[in-house]
Every structure is written in structure tokens, then in C-alpha cells.
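Remarks on the structure that follows.
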Amino acid sequence: MVLLAWRVVACGCGGTGVAALTYGPVPPAPLPSLDGDGVKVGTFLGDYSRRFYGLGPAPKRLEVLWKTRLGSGWSSGKYDSDPPGKWAGSGWTGMPNIVVDGGKPYVVVGGYDHRLRRLDAVSGAVVWEYKYDDIIKSSPSVFQNPDPAGADDRYIVCAGSRRGYPTKLADASVAPYRAVTFGSGKELWRLPVPQTVCYSRDCDGSGFYLDGRQYIGVESGWMYALDPLQTVDWNGQKRPRIVAQRQLLGDARATSHDGNLVLESSASVLGRRIYISSGAGHVYGMRRGDLAVEWDFFTGSDLDGTAVPTRRGKLLVPVEKQYIKGHGGVLSLDPSRSPEESIDWFFPTGDRKVGEWKGGLIGSCAVNDEYNRDGRLPALAAFNAIDGYLHVVSQDTLSGQLVKGPNLEPGLQTPVEIARLWNGGAISTPLLFGETLIAAAYDQRVHLYDVAFTPSEEGLEGALPSANGDGRYWRVSFTETDQFFAGGGFESTPTLWNGRLYVGCRDGWFYCLGDKP
């Protein structure tokens, strides 16, 4: 799959060196096929639409087909005065890429041992490793090079890490976002992350490539549009050319965050804009050409998860229970309206202390949109919450009840909840396909569910309409069919490809799960 599929028209350059481009609406990302070479799952949640998790068939069992040792690595504390810690395996978001090259499938994944790896997807054998200065939390992103020099750089892999161990926060050499060749893992460039009033210089987000630009947000609050194929000299190395940049650190309302102003979510594309959630409590909508903020929705909460666009033009925004008086949960926003009028519904989740979290969502929402393209089935959303449950809700059918919002806003609509499945809490994102739901959680398990759609009638209990409005109604039910139990909790989001599930675990291993012959 080539992500460079929808072209834009250049109309000149401004005096600052930032290209002045006319950008039209971007269609949903094209989906790959199981056949042929190319980038198949290219970034966190698949592509710039952030709602693709791979292709089936889904496995019937979760048996270990192979596992590869990721090991562990040291990382500095949040502040220079904090003690370091040792981290094992892989964590949030940690979703693997899938690339088919020469007819063979490969997995690209980062680990807490400071290494980015390319693995043989059939055997788990390590093709190459590239060592970072710190643990890698970001999901890598891969794009097809439109002008490769040869086989080595036919595809380019980008990924971010924490700032560097034992590097101090003020160190000028911090450059955690890097690009390497897919062929051999050779470094192409690294992006320095400036220090700001934010307490972090990490890069947890996952970038995407579109129309010649690599878009990435880094934790110090900068959003970038990079030309990943042109570099300039920096600190004895290479960095990519910055086409546009925007600082997103909130406003005076974020003073209570004590420097927690991070951009650790992954940006997404809906229509003419790029959207990203910020730890400063904002969901920003930016013009693609120069990243100017055109739309700004404020919650005040720390927003960690990615704002996922739906095919109906909504944004599903995870809200953490932090800095707000109400519950965390999920907001459905309509960015075609003004920010003040944009809330469609809010689904609150329960408060529960897990580690440093008090409730809400850290991970992102999964939707079945790309696996229900004709709209024959109901539009669903699934998400793991800190309250201990995997929740499944309707995207467009409201319950008729009213709830209070994150800041105790009265009278908000809330969607019908279809299922509430206990998994001990999770920060990973589930995978929601046509008739399969997969979730990895802190209970040390990967859960596999069958999703059944039974014809029903309007007005009957549990009846949900088809997404395309064809008059049909369905009752949706979930049956757990298998579990895989590991030696540690799961924080990473899995990827499904051709009957195999790939996922990293905090026990130090990366697993390939599926049906044994």
C-alpha cells in the first residue's frame, strides 16, 4: 500500500520557507489487500484515518506460534531528580507494523530494551535491530519511499523513544524521533525535540506520511510537518527538513497541570484538517499546509489517547480522569460545528485508581467502520478503560439518558452501551473487526470474542439500526472464545494479519498468536 495516494497542488512558497499549499479534503485512507508487496499496517491504528487494525481471517485460537525476546532497558524518571527504572517488553502504544516485501511478511516493532526491530513475521527471526538511547513506547510508522536509491530505502521506518538515558532534560542532544531504512535499519536522520515549559522531551506518538510530508507530534508540545526525504546537517548528524511547525501548549487554564502539557497522542486526518489531542486539555484541528489551529475544543483533562475519526465525520476522543471534576470517558465530537456546539455525546466510565491513573481512558477507541464499509451492520465503538472494563457502545444510537460531562456540564446525551466485559483495566486499544473483537489487558490476557449480529426489529430491546439506514435492525452479542495468558500485563495494541495476531507484553516477550496447524 502506498500512502502517497491523494495529491495536492502547490501554489508557491512563503518567505519563511514554509510551503503555501492548497489542501483539499482528504478521503479516508485506502485499504491494503492481503496480496502483493507493500506497507500493510503502516502506523498506530493502521493509517492516517486511525481505524484500521489489519486483515483476517481472524484466528479461532490464541496459541503461541512463536515468541521473540525483547528483554528490558533502563529509562530516566520524569524529572531529573527522579530515580531511573527498568522497563521490560513493550508498552503503550506499541502497535506493530506489517510490511510485505518480496512476497514475505515482516513485523516492525519497538521495545523497552531501546531497540527497534524488523522481524520475520512467519518465524519471529530478527532481521535487524536499531538501538535507540532509551525505551521505545511509540508505535513505529512505515511509508513507501517515492524516490528510493535502491532496495535498502524502498520503505522508510520512523519511530520515537523517550528522551535518552541517562540524558538530562536540558541536554541539547535530545533527538528521540528517528528514521531508518527498512532494508537494513540504517539511520537516515533524527529529529531534535526542543525543551519547553512541558516536562517532557519524549516522543510517544506515531507519525503518518501523506502527500510528501511526515506528520508527528512530540511531547514538548511541538507538532511538525517534515520532509522526510530531505535532510540538513545537525550536531554532526542529519535531521529532516521542517516544512511547518506549531507549538501546542494550551493556555493559562493549563497552569494546574504542572508542566503536563505533552503531545503523546497520534495525530489523525479528517477532511481538511489534522487533529491531535493534547495533555494541556485541548483537541486541536490544524490546517495541513501550515499547521495553523483552526479549531480548538477544550476539556481541561490530560488527553493521552488518539482522537479517532469515524466515517460519519465525528471524532471519538478519550478523556482521562485528571484535572477535571467529572468522570473520564469518551466524547463524540462533530468538528464541522463550532467547538462550543460540537459535543454529540459523552460516555462516562467509572473512577478507579490504577497506578497514577484515577479513571477514564488512556488508550484510544476502536471502530468497525473499515470492516463495515457498506453499512449493513450497526456502527460500533470499543474501548478499554481504567475502570476495569472493555466497553462496547453504539456510535449513533443514543440511550435517551442524560449524563454530566467531564467538567460536570449538564444534560449531555450518552450512547447505548452494548457490552461491558471485565478485563481488569487496560490502556491498549482493542481491535474491532466484522465478527471479531480482540483486547489485550492488565489481567495478563489477550481476549478473543466472537461478535454475533442477530436480525431484530425496531423497538425491540437491544435492537440497533444498520449504519447505512436501510431499515434493518440487529441485536449484537459477544462471546469469549479463547484467552492467551502471559507472564505480565499487556499495554501494547495488537495487530492482526492473515490469521496471526502480533502483540508485545510487559513480560519481556513479543508474541505471535494464532491457530496451530
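Among the residues of segment 163-171, is there at least one that is part of a loop (DSSP other than H, G, I, E, B) and under 24 Å from residue 106 (Cα atoms)? No, segment 163-171 contains no residue that is part of a loop (DSSP other than H, G, I, E, B) and under 24 Å from residue 106 (Cα atoms). Taking (1) touching a strand residue (DSSP E or B) at 6+ places or on another chain (Cβ under 6 Å); (2) surrounded by fewer than 22 Cβ atoms within 10 Å (Cβ to Cβ); (3) aliphatic (A, V, I, L, M) in turn, residue 501 satisfies each apart from (2).
Selection of segment 417-431 for residues being touching an Asp or Glu at 6+ places or on another chain (Cβ under 9 Å) and of a type in the set (A, V, I, L, M) yields 421, 426, 427.
Please determine whether any residue of segment 195-205 is free of Cβ contacts under 8 Å to residues at least 40 places away in the same chain and not aromatic (Phe, Trp, Tyr). Within segment 195-205, one or more residues are free of Cβ contacts under 8 Å to residues at least 40 places away in the same chain and not aromatic (Phe, Trp, Tyr). Please indicate, with yes or no, whether at least one residue in segment 231-242 is under 29 Å from residue 406 (Cα atoms) and either under 16 Å from the mean Cα position of the chain (by Cα) or of a type in the set (Asp, Glu) (or both). Within segment 231-242, not a single residue is under 29 Å from residue 406 (Cα atoms) and either under 16 Å from the mean Cα position of the chain (by Cα) or of a type in the set (Asp, Glu) (or both).
No other residue among 72, 81, 49 is of a type in the set (S, T, N, Q) and at pLDDT below 95 apart from 81.
Per the conditions (1) in contact with a Phe, Trp or Tyr (Cβ under 9 Å, 6 or more places away or on another chain); (2) buried (at least 21 other Cβ atoms within 10 Å of the Cβ), the sole criterion not satisfied by residue 346 is (1).
Pick out the one residue from 131, 104, 168 that is of a type in the set (Lys, Arg), touching a His at 6+ places or on another chain (Cβ under 9 Å), more than 20 Å from residue 224 (Cα to Cα) and surrounded by fewer than 24 Cβ atoms within 10 Å (Cβ to Cβ). Just a single option satisfies the conditions, and that option is 131. Applying the set (1) outside any loop (DSSP other than H, G, I, E, B); (2) in contact with a Pro (Cβ under 8 Å, 6 or more places away or on another chain); (3) under 23 Å from residue 345 (Cα atoms) to residue 439 leaves exactly one unmet item: (3). If only residues of segment 447-475 that are assigned to a strand (DSSP E or B) and under 26 Å from the mean Cα position of the chain (by Cα) are counted, the one that is surrounded by the fewest Cβ atoms within 10 Å (Cβ to Cβ) is 450. Selection of segment 289-320 for residues being over 19 Å from the mean Cα position of the chain (by Cα) and either without any contact (Cβ under 8 Å) to a residue 40 or more places away in the chain or buried (at least 22 other Cβ atoms within 10 Å of the Cβ) (or both) yields 291, 294, 297, 299. Exactly one residue out of 389, 371 is out of contact with any strand residue (DSSP E or B) (no Cβ under 6 Å at 6 or more places or on another chain) and among the aromatic types (Phe, Trp, Tyr), and it is 371. Note on segment 370-394: residues that are more than 14 Å from residue 308 (Cβ to Cβ), part of a strand (DSSP E or B) and under 19 Å from the mean Cα position of the chain (by Cα) total 3.
Within segment 440-482, the set of residues being farther than 30 Å from residue 313 by Cβ, touching a Leu at 6+ places or on another chain (Cβ under 7 Å) and among the polar types (S, T, N, Q) comprises 481 only. Within segment 480-512, the residues that satisfy the criterion of being in a strand (DSSP E or B) and under 19 Å from the mean Cα position of the chain (by Cα) are 495, 496, 497, 501, 502, 503, 504, 510. Restricting segment 416-436 to residues that are in contact with a helix residue (DSSP H, G or I) (Cβ under 8 Å, 6 or more places away or on another chain) and outside any strand (DSSP E or B) leaves a set whose member that is farthest from residue 350 (Cα to Cα) is 434. For segment 196-240, the set of residues classified as polar (S, T, N, Q), buried (at least 22 other Cβ atoms within 10 Å of the Cβ) and in a loop (DSSP other than H, G, I, E, B) consists of 200, 206, 220, listed by residue number. Residue 77 falls short on exactly one of the conditions (1) part of a loop (DSSP other than H, G, I, E, B); (2) in contact (Cβ under 8 Å) with a residue 40 or more places away in the chain; (3) small (Gly, Ala, Ser), and that condition is (2). Checked against the criterion of being under 20 Å from residue 207 (Cβ atoms), assigned to a strand (DSSP E or B) and modelled with pLDDT of 95 or more, the candidates 127, 174, 108, 193 yield just one match: 108.
Beta carbons closer than 6 Å, at least 6 apart along the sequence or on distinct chains, pair a first residue in segment 165-191 that is touching a residue at least 24 places away in the same chain (Cβ under 8 Å) with a second that is hydroxyl-bearing (Ser, Thr, Tyr) and in a strand (DSSP E or B) for 165/75; 180/130; 182/155; 185/130; 189/231; 191/177. Would you confirm, using the coordinates I've provided, whether residue 444 is over 18 Å from residue 62 (Cα atoms) and modelled with pLDDT of 95 or more? When the stated conditions are applied, residue 444 does not pass them.
The values are calculated or read from the model by the stated rules, or taken from the named source; none is laboratory data. Treat the numbers as computed from the prediction; the structure is a model and nothing was measured. Please note: Cβ atoms are built from the backbone with ideal geometry, for glycine as well, and neighbour counts cover all protein chains shown.
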